[in-house]
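**Student:** Below is a structure I'd like to ask you about.
What follows draws every value from the coordinates through simple rules; no lab data is involved. As the structure is a computational prediction, the values presented were derived from the model and not from experiment. Counting neighbours? That spans all protein chains shown, and the Cβs are built from the backbone with ideal geometry, glycine included.
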Amino acid sequence: QVELVESGGGLVRPGESLAISCKVSLYITRFPILQWYRQAPGQQRESVASIGSITPITYADSVKGRFFISKDVYKNTMWLQMNNLTSEDTAIYYCYAKADWGEDFWGQGTQVTVSS
């Protein structure tokens, strides 16, 4: 049973930073595609950032230069560092992993709220 557990969400003010993490219950190297998605109220879930074992890191245009995705293969953890947050970044953030055997896994989500 593979589990993805996000943590680190919370309430921050505009302009502040926040880092969220996703702990994978299996060797993270078994997941060639790792992504962060977010879903704002009334909106579709959208990809925010992607980090692959053989593909380059990519970001949504809306977060380029502000968000940074990383992973630690020894801690089996993926992070999303979010800087200069705005109210537009308010959403539930989900981590996603595609396993090398083809199965997709999602975390339960962590709420990020940006408000003054």
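**Student:** Give me the extension gain from Val73 to Thr58: residue separation times 0.36 nm, minus the current Cα-Cα distance, reported in nm with one decimal.
**Tutor:** 3.5 nm
**Student:** Please list 3J(HN,Hα) in residue order for region 12-19, calculated via the Karplus relation 6.51 cos²θ - 1.76 cosθ + 1.60 where θ = phi - 60°; whole Hz, with x for glycine and proline.
**Tutor:** 9, 8, x, x, 7, 10, 7, 10
**Student:** Test of the criteria: in region 59-112, which trypsin sites (Lys or Arg not before Pro) are in a DSSP loop and have at most 16 other Cβ atoms within 10 angstrom of their Cβ?
**Tutor:** Filter output for region 59-112: Lys64, Arg66, Lys75.
**Student:** How big is D for region 15-58, in µm² s⁻¹ as a whole number, if Stokes-Einstein is applied with the Kirkwood radius of its Cα pairs at 20 °C and 1.002 mPa s?
**Tutor:** In µm²/s, the coefficient is 172.
**Student:** Within the chain, which is the longest segment that contains none of the chymotrypsin sites (Phe, Trp or Tyr not before Pro) sitting in a DSSP loop with at most 16 other Cβ atoms within 10 Å?
**Tutor:** 28-73
**Student:** Would you kindly derive the ³J(HN,Hα) couplings of region 94-109 from the backbone phi angles with the Karplus curve 6.51 cos²θ - 1.76 cosθ + 1.60 (θ = phi - 60°), listing them in order in whole Hz, with x for Gly and Pro?
**Tutor:** The phi angles translate into 10, 9, 9, 9, 9, 6, 6, 9, x, 7, 9, 10, 10, x, 7, x Hz.
**Student:** Round to a whole angstrom and tell me the spacing of the C-alpha centers of region 1-27 and region 66-116.
**Tutor:** About 6 Å separates the Cα centre of region 1-27 from the one of region 66-116.
**Student:** How big is the chain by Rg and Dmax over its Cα atoms, in Å?
**Tutor:** In Å, with Rg to one decimal and Dmax whole: 13.5, 44.
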